[in-house]
1. How about segment 137-173: which of its residues are more than 14 Å from the ligand (Cβ to nearest atom) and closer than 19 Å to Leu3 by Cβ?
2. Residues being on the phi > 0 side of the Ramachandran plot and touching a residue at least 60 places away in the same chain (Cβ under 8 Å): count how many of those fall in segment 1-57.
3. Suppose we filter segment 5-19 for residues that are outside any strand (DSSP E or B) and either more than 10 Å from the ligand (Cβ to nearest atom) or not β-branched (Val, Ile, Thr) (or both); how many remain?
4. With the requirement that a residue be assigned to a helix (DSSP H, G or I) and either under 19 Å from Ser60 (Cβ atoms) or at pLDDT below 95 (or both), what does segment 20-37 give you?
5. Just to check your reading of the model, which residue among Glu105, Glu98 is within 30 Å of Lys18 (Cβ to Cβ) and touching a Lys or Arg at 6+ places or on another chain (Cβ under 6 Å)?
6. Here is a list of conditions, (1) farther than 27 Å from Ser110 by Cα; (2) part of a helix (DSSP H, G or I); (3) within 16 Å of the ligand (Cβ to nearest atom), and Phe65 meets all of them except one; can you say which number that is?
7. Could you give me the residue pairs with C-beta distances under 9 Å whose first residue belongs to segment 121-138 and is within 8 Å of Ala161 (Cα to Cα) and in a helix (DSSP H, G or I), whose second residue is at pLDDT 95 or above and more than 8 Å from the ligand (Cβ to nearest atom) wherever it lies, and which are 6+ apart or on separate chains?
8. Among (1) crowded, with 16+ Cβ neighbours inside 10 Å; (2) in a helix (DSSP H, G or I); (3) more than 16 Å from the ligand (Cβ to nearest atom), which single condition is Pro52 missing?
Amino acid sequence: MTLEQIRALIRDVPDFPKPGIVFKDITPLVAHPEAFRAAVDHLAERTEPYRPDALLAIESRGFIFGTALAQRLNVEMHLVRKRGKLPRQTVSAEYQLEYGTDHLEVHADSIRAGGRYLIVDDLIATGGTAAATASLVERHDAVVAAYAFLIELKFLDGRKALGDAPVVSLIEY
Ligand code: AMP
């Protein structure tokens, strides 16, 4: 299954969730077992060299790819969630939305000093969400081994927000 075939299963939905946004809908891809498996295989092949100890998956579509990738890489998976969803003691990072700010949280015991973390989401746009996740890693004296995204919106230049760690993305727009 080629990257072109995977790309053909990502649908553009104009003006969702609001006018002017072209939403990248990954549901046809995850509904196609062969293509979904191939996408995860490509991500695994390209992230394995960075030798992560653990993966941080970002709510909520990051959970879909993060779960499969963590299994494939045989590493721990930890959840990065919106505020108020995780039941135990958390640490939180603020990030910028188009209007205002929001918070991402991780359980305080998810990140160990010195650990190498792979940060995973379905898509990078401005990079704010992934950068906030990286700040949680760095605050615990841990290391961002790499970032992995299925989709990168190149024209938004989100990599600029991410510092020095390698960025893997499969499909670019
Ligand atoms: P950002 O913080 O700007 O990099 O935005 C990334 C987050 O927003 C990811 O969790 C994406 O799932 C979501 N997102 C942003 N833009 C889009 C888009 N055009 N289509 C689908 N999801 C998007």
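1. Once the filter is applied, which keeps residues that are more than 14 Å from the ligand (Cβ to nearest atom) and closer than 19 Å to Leu3 by Cβ, segment 137-173 yields Ala146, Pro166, Val168, Leu170.
2. 1
3. The number of residues fulfilling the criteria is 10.
4. Answer for segment 20-37, where residues must be assigned to a helix (DSSP H, G or I) and either under 19 Å from Ser60 (Cβ atoms) or at pLDDT below 95 (or both): Thr27, Pro28, Leu29, Val30, Phe36.
5. Glu105
6. (1)
7. As it stands, the answer is Ala131/Ala93; Ala131/Leu162, since those pairs meet every condition given.
8. With (1) crowded, with 16+ Cβ neighbours inside 10 Å; (2) in a helix (DSSP H, G or I); (3) more than 16 Å from the ligand (Cβ to nearest atom) applied to Pro52, the lone miss is (2).
The values are calculated or read from the model by the stated rules, or taken from the named source; none is laboratory data. Keep in mind that what you see is a predicted model, and the values were worked out from it rather than measured. All Cβ positions, glycine included, derive from the backbone under ideal geometry; neighbour counts span all protein chains shown.
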